[in-house]
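Quick notes on the structure that follows.
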Amino acid sequence: MGVVGGPVNPFKPVSVLVLVDIDKPSALDKYPGLKSIVESTVSWYTGPRCPKCEEKHLEVLEPGVKFKCSKCDVEFTLSEAKRGVAALVTVDSSTAEKYIPGTVRGGDVELLLNNYQLIPPSLHPSGVKYEWIKPFDFEAPNLGVRALVDSEVVSLLEELGVLKPETTRTEERTEKSASTIVAETQEKTVRTTVTLRKLGDSEILEVKELLKPFYVPEHRQKLCLYLAGHGAYSKIHPVSKNRVQRTLGITLRELLRGV
Ligand SMILES: [Zn+2]
């Protein structure tokens, strides 16, 4: 049994489901904001972790019962094991667009959109059953899934080190000249600290050459869509993608004019 993150129709047409995947449970002690969110929403235990180092790659000595850590060789039973934790939240689609472009990683925590996670009573490959910490509440609004507002998403991402705290951002902004800020606004700079790679001119030409054979007249949109998806995957800055699209468009117009 699984759950898929993405647009949520039954709840609110404008909200999306986000999976919070906590690989190492110590993250809950490290990030109190994360902990309070997890405690207030639908959540469950995922696979077993080494009680000593929280490693998830384990040798299964007896399925669902006894394990050995692949990292520190500690042998332990299910009752001694630590467990990964997963939780669900919903956010406005505009918030998700801004801050959660697919998958966001911060420390040992992942926020996943358009992804899936197994929920109880599924069986983990280790033979351990996923267990509810706080199951869906079919009487509660949003089924007991907490809806995070924009500011709560920002706080969480700041806590996880994905976003810089607002104060740091303000300081940086005041240090920059007005023209830089205008330029950045025009580029619609993505606020996350996920490093987005800007392509150099030669790289853009290279991508253009690679894509040219696949270009079908009147189907530029499809190519752009592919580019957008692939770019996000390989963390290419959106500005670079736009430049490739523009370069491609201009060159093709030139080619057509030459015919
Ligand atoms: Zn270990």
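The values are calculated or read from the model by the stated rules, or taken from the named source; none is laboratory data. All of these numbers come straight from a predicted model, not from anything done at the bench. As a convention, Cβ positions derive from the backbone with ideal geometry for all residues, glycine included, and neighbour counts pool all protein chains shown. With ligands, DNA and RNA removed, areas are computed over all heavy atoms of the protein, side chains included. Shrake-Rupley method; radii C 1.70, N 1.55, O 1.52, S 1.80 Å.
The table below lists the values:
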{"item": "Overall Cα dimensions of region 2-159, principal axis frame, Å, largest first", "result": "46, 31, 23"}
{"item": "Relative contact order of region 2-159, pairs being alpha-carbon contacts under 8 Å that are 6 or more residues apart, as %", "result": "34"}
{"item": "Loop-located GluC sites (Glu not before Pro) in region 23-130, at most 14 other Cβ atoms within 10 Å (DSSP)", "result": "Glu80"}
{"item": "Net lengthening on full extension, Cys53/Lys71 (0.36 nm per residue, minus Cα-Cα)", "result": "5.7 nm"}
{"item": "Distance in nm between pseudo-label sites at Ser26 and Phe136 (7 Å out along the Cβ direction from Cα)", "result": "3.5"}
{"item": "Positive-pole candidate from Val20, Leu78, Thr90, dipole of region 2-159, charges at beta carbon", "result": "Leu78"}
{"item": "Inter-centroid distance (Cα atoms) of region 139-162 relative to region 42-86, Å", "result": "28"}
{"item": "Heavy-atom accessible area order for His57, His124, largest first, 1.4 Å probe", "result": "His57, His124"}
{"item": "Flagged links, alpha-carbon separation over 18 Å, of Lys56/Lys164; Lys56/Lys82; Lys35/Lys66", "result": "Lys56/Lys164; Lys35/Lys66"}
{"item": "Segments 153-160, 41-48 sorted - mean Cβ within 10 Å per residue, highest first", "result": "41-48, 153-160"}
